[in-house]
Amino acid sequence: MQQKRNRKKSKKQEPKPTHPCEWEGCTLMGEFRAPKTRVRDDGTRPEYYWFCLEHVREYNAKWDYFKGLTEAEALHFQKEAVHGHRPTWKTTDRVAKNVQKLREAVERFSGGFSHFGTQKKERSESRPISSEEKRSMETLGLSYPVTLKEIKRRYKELVKQYHPDLSEDKAHAEERFKDISQAYHYLAKSGLFQ
């Protein structure tokens, strides 16, 4: 029977710094570093002071990152810090170019696909209509072929003419109004007209 090995990964402990605290008159070890300058003139990493905890806190409390910068330079730094000092560019120009390209592509295809719409119309006109559809069109006073727009226009005319509240012969108008409404709704739901 095998025994489980207890493998704890030992953390490599970094050796404690051997720097003395650089604060004048301090004899403790400098375990904490603090930058001497904001950025070196040649763009390399800044040099550091080594302080004990008490003195690094005091140094950091007095540290002014923007010391030596003009107000304009400080504002520029803050503005650049918003996006992590990485380069940026306006997207409006790129988007406008892409939208224009998309419009051009749609225009190229719009003429090429127009024949699909006419095929549907031709197919609907060539389909034989049922006797119920024919009767409904006669009720509305229309003849085939007809569009849905024409059916709606005719329906509105007849509703105004035969509405029971507006007609003198209420019994006849009410019956005719029901027939007109039935015919219109049947034709609208039939799917024959686009």
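Some notes on this structure:
- Residues being farther than 15 Å from Cys21 by Cα and at pLDDT 90 or above - total across the range 32-61: 1
- Taking the range 158-184 as the range and being exposed (fewer than 15 other Cβ atoms within 10 Å of the Cβ) and touching a residue at least 40 places away in the same chain (Cβ under 8 Å) as the test, only Gln182 passes.
- Per-region count, the range 138-157, residues surrounded by 14 or more Cβ atoms within 10 Å (Cβ to Cβ) and under 21 Å from Glu175 (Cβ atoms): 6
- Elements of type helices (runs of 4 or more DSSP H) contained in the range 84-194, each with 3 or more residues being at pLDDT 75 or above: 91-112, 131-140, 148-162, 170-190
The values are calculated or read from the model by the stated rules, or taken from the named source; none is laboratory data. Computed from a predicted structure; not experimentally measured. Virtual Cβ from ideal backbone geometry, glycine too; neighbours counted across all protein chains shown.
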